[in-house]
Structures are given as structure tokens and as C-alpha cells.
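> Sharing a structure, written as C-alpha cells. Questions coming.
The values are calculated or read from the model by the stated rules, or taken from the named source; none is laboratory data. Predicted model only: the values in this text are computed from it and were never measured. Neighbour counts run over all protein chains shown; Cβ positions are idealised from the backbone, glycine included. Please note that ligands, DNA and RNA were not included when accessible areas were found on the heavy atoms of the full protein model with its side chains. Shrake-Rupley method; radii C 1.70, N 1.55, O 1.52, S 1.80 Å.
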Amino acid sequence: MEKRLYSIRGATCCENTKDSIISSVGELCKTLFARNNVSSEDLVNIQFTVTDDLDCLNPATALRNFDTGIDTSATALFCAQEPNVQGMMPKTVRVMVTCYLPAGTKLLPVYLNGTDRLRPDWRS
């Protein structure tokens, strides 16, 4: 089976507490992995951005503290602050998962906890 490199996007909103960030980021990644049949071996890296009002915990640490059902311990994780833009959605974590999947795979982005407003064209 031929595989190619893909990037799958998603986002979630959460409260500025460690527990909320862990559960929201964990559920986002768990859902994204499951919907897209991503395995540990498929993962290349995971990039997060976070709005400046979420400063209790970075999303990479949150992911490392949640059981998504697949092992992400050998996956490169990267976090950055989302650019501050007027009218932006507050308390938001965005993710881009880069992975190998079978060629021709239809990607299923995941937008949770109100973030589907960010990409109404991708609502499932």
C-alpha cells in the first residue's frame, strides 16, 4: 500500500486550568487519531498553537499526560503562541498532525468545543 505525507488540522477550546487543557487537548488528539486511523508508526510530528489566555500548561505536556490510545512518546511535539488578532476566538488550542496515511485518504479534521466556527466548511 502506497502512503503519502498528510497534515490533519483541528482545534478545541478549554479553560485556563491544567485539568481542562489536558482533557481538551487529549480528547482533540484522541478523536483526530481515531477518525483518521492514525497509528504511532504513522506520526511524523504534532504542532500546537495556543492563544495567549491559556498559560497554565502547554499543549505538548497536556498530550503527554493523556492516554489517546496510541503512543506519542517518540513523536516530535512543538508549541507556539497563536498570533493575537482582533476578534480571534479566545482560549483556543489548534493542532496540526503530520503523518503518513494511505494515498487517497480523505482527511477528517476535528473541531471540538465550539471551534467548528473556525472552519464551517469542514463541519462533519
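> Please identify which residues in the stretch 1-23 have an amide N closer than 15 Å to a label point set 7 Å out from the Cα of Glu41, following the Cα→Cβ vector.
1-4
> What are the ³J(HN,Hα) values, in whole Hz, obtained from phi via the Karplus relation 6.51 cos²θ - 1.76 cosθ + 1.60 with θ = phi - 60°, for each residue of the stretch 99-116 in sequence order, with x given for Gly and Pro?
Result, rounded to whole Hz: 7, 9, 9, x, 4, x, 4, 8, 6, 10, x, 10, 10, 10, 6, x, 7, 4.
> I've got another one for you. Compute from the Cα atoms of the stretch 72-124 the Rg and the Dmax, the latter being the longest Cα-Cα distance, and quote both in angstrom.
Values for the stretch 72-124 (Cα only, Rg and Dmax): 13.9, 39 Å.
> Follow-up. Probe radius 1.4 Å, ligands and nucleic acids ignored: give me the carbon and sulfur share of the accessible area of the stretch 1-70 as a rounded percent. List each step's numbers first, then the result.
Details: 1500 of 3430 Å².
Accessible surface attributable to carbon and sulfur in the stretch 1-70 totals 44 percent.
> Now for a different question. Which net charge results when you count Lys and Arg as +1 and Asp and Glu as -1 among the other residues whose beta-carbon is under 10 Å from that of Gln81? Mind dumping the intermediate values first?
Numbers: positive: none; negative: Asp52, Asp55, Glu82.
Spelling it out: positives minus negatives among the neighbours equals -3.
> Just to make sure I understand: if all protein chains stay in place, what is the order of Cys99, Cys13 by accessible area at 1.4 Å, largest first? Intermediate values should be presented prior to the final figure.
Numbers: Cys99 0, Cys13 25 Å².
Accessible-area ranking of Cys99, Cys13, largest first: Cys13, Cys99.
> Moving to a separate point now. Quick one: longest stretch of the chain between exposed loop trypsin sites (Lys or Arg not before Pro), exposed meaning at most 15 other C-beta atoms within 10 Å and loop per DSSP?
Numbers: sites that count: Lys106, Arg123.
Between exposed loop sites, the widest span is 1-105.
> Right, next: Bin width 5 Å, alpha-carbon pairs only: give the P(r) of the chain as whole percents, running from 0 to the bin holding the largest distance.
Going out from 0 Å in 5 Å bins, the chain shows 2, 12, 22, 25, 19, 12, 5, 2, 0, 0 percent.
> How big is D for the stretch 49-93, in µm² s⁻¹ as a whole number, if Stokes-Einstein is applied with the Kirkwood radius of its Cα pairs at 37 °C and 0.692 mPa s? Let's see the in-between values first.
Numbers: Rh = 11.9 Å.
The Stokes-Einstein estimate is 277 µm²/s.
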